[in-house]
Amino acid sequence: MRSEGPKPVVGTMPSTSMTTRAETDREAEGPSLGRVALVHDWLNGYRGGEKVLESIAELVGPADLYTLFHVKGVLPAIIEDRPLYASWMNAIPGVQGRYRWLLPLFPSWADRLDLRDYDLILSTSHCVAKGAGARSKALHLCYCHTPMRYVWDRFEDYFGHWTGLRRRIVEHQAERLRGWDRASASRVDHWIANSSFVRQRILDFYEVDPDRVAVVAPPVDVQRFAGVETTSGSRYLVVSALVPYKRIDVAVEACARSGRPLDVAGSGPEFGPLEDLARRWPKSDIRFLGFVPDAELPRLMATHRAFLFPGVEDFGITVVEATAAGLPTIAQRAGGALDSVKPGVNGLLYEGESVEALIAALDEFEGSGASYSVDAMREWADGFSREAFARRYRNELRRAMERQQSRGE
């Protein structure tokens, strides 16, 4: 095994029981995978991307893992207990709080990562992991959460407030990263997008063969939400990181202006500005709950009237979680909500991104008299379960391997 020089930070192999189960699955489902390399952008938390990696790791069993940054002890054993190689940047003192400032260096890590000793590369990418394997002939299957938003169509959401020299520098770096991002897309043999929306972004930005881009929704632990009793309340609910592109301001203003009660669960830099926005309507009934632990989300979601989803997300796991808890969703007809919201089953979709559009949707929701079946919602949510993800990902892996073999690649 060769790499660009990192040292293993975790050196024990997965447990025998896990290996046996994974090998049994592979024997039942298809040919041996050979030597496998997992590549993930960074491992400093346990969020949606890491849950995808966790599910893939369970499927493939023993495999080496490469990443830019790694914080020990924050991830499940299935990820931690394997040979894990972090980049040289991981050793920079205090880097975990400032790693995003090193973004211009990330492509060079992917370019130099030597994976020639592997038969299969499985990347999970929202940044540069999909560019791994430049010198390898291994089959490369990439699970893409999204092309880099901050250098493509969401640049203004992230950097619109920057001015002067800082603005010129970031524009130059974004242009350079776009060029690398497009060029390195050729290193991927088969793509899996986490939604139809992301699939289209892959086609638009990378101009790859549509037949090589499938859609598999990320795994959601729906069972922990389905176990709660649904008692529909009178208040609407938002659960989100409070950052500008989530457009929680639309939900706050729509409810404040129309006199509807709203609970906002989440934290982030927009917490104060959103509180200020709500105060513009003295009679508004907006409660800011702050960060709510995952363990409390099922009960919270099961006791509200509807879940508001005003932003454009790549997928939106919280929509599926709300559905599993029996809570219908009111979402903008855009982004990942097109896959996760089935009108009449687990909510409604509305056109437009304005406050007025959401108010009209709330009027429609309340005036339609529609009754949403908790059983039907939970059945819909089951289609996004961890088991459903494993089955669909395995099928796409098999398809990619068969395609490679049929072409003699």
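What follows draws every value from the coordinates through simple rules; no lab data is involved. This one's a predicted model, so the numbers in the text were calculated from it and none came from an experiment. Cβ: placed from backbone, ideal geometry, glycine included. Neighbour counts: every protein chain shown.
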(request) Answer rounded, prolate or oblate for the chain, using the Cα gyration tensor with square roots of eigenvalues a ≥ b ≥ c: rounded when a/c is under 1.5, else prolate when a/b is larger than b/c, else oblate. (result) prolate
(message) Compute the helix-to-body angle for 248-258: its Cα long axis versus the longest principal axis of the chain, expressed 0 to 90° and rounded to tens.
(response) 10 degrees
(request) Specify which residue in the list Met401, His140, Tyr99 is farthest towards the positive end of the charge dipole of the chain, using unit charges on the beta carbon of Lys, Arg (+1) and Asp, Glu (-1), about the Cα centre. (result) Tyr99
(message) So if each residue of separation counts as 0.36 nm, and I subtract the Cα-Cα distance between Asp119 and Asp294, what length gain in nm does that give?
(response) 59.2 nm
(message) Taking 30 Å as R0, compute the FRET efficiency from the Cβ-Cβ separation of Ala134 and Arg168 and round it to 0.05.
(response) 0.50
(message) Below 9 angstrom from the Cβ of Ser195, what's the summed charge of the other residues (Lys, Arg +1; Asp, Glu -1)?
(response) -2
(request) Of the listed pairs Lys246/Lys342; Lys51/Lys342; Lys72/Lys137; Lys283/Lys342, which have alpha-carbon separations greater than 27 Å here? (result) Lys72/Lys137; Lys283/Lys342
(request) Using only Cα atoms, tell me the angle between helix 48-60 and the longest principal axis of the chain; keep it within 0 to 90° and round to the nearest 10. (result) 40 degrees
(request) Can you tell me the alpha carbon radius of gyration of the stretch 223-382 divided by the globular rule-of-thumb value 2.2 N^0.38 Å? (result) 0.94
(request) First measure r as the distance between the Cβ atoms of Arg280 and Glu175, then evaluate 1/(1 + (r/R0)^6) with R0 = 25 Å and state the FRET efficiency to the nearest 0.05. (result) 0.05
(request) Select from Pro282, Pro298, Pro218 the residue whose mean-square fluctuation is largest in a Gaussian network model of the chain (Cα-Cα springs shorter than 10 Å). (result) Pro282
(request) With label points built 7 Å along Cα→Cβ from the Cα atoms of Arg391 and Phe271, find their separation and express it in nm. (result) 4.1 nm
(message) Between Val71 and Ser406, what is 0.36 nm times their sequence separation minus the Cα-Cα distance? Round to one decimal in nm.
(response) 116.5 nm
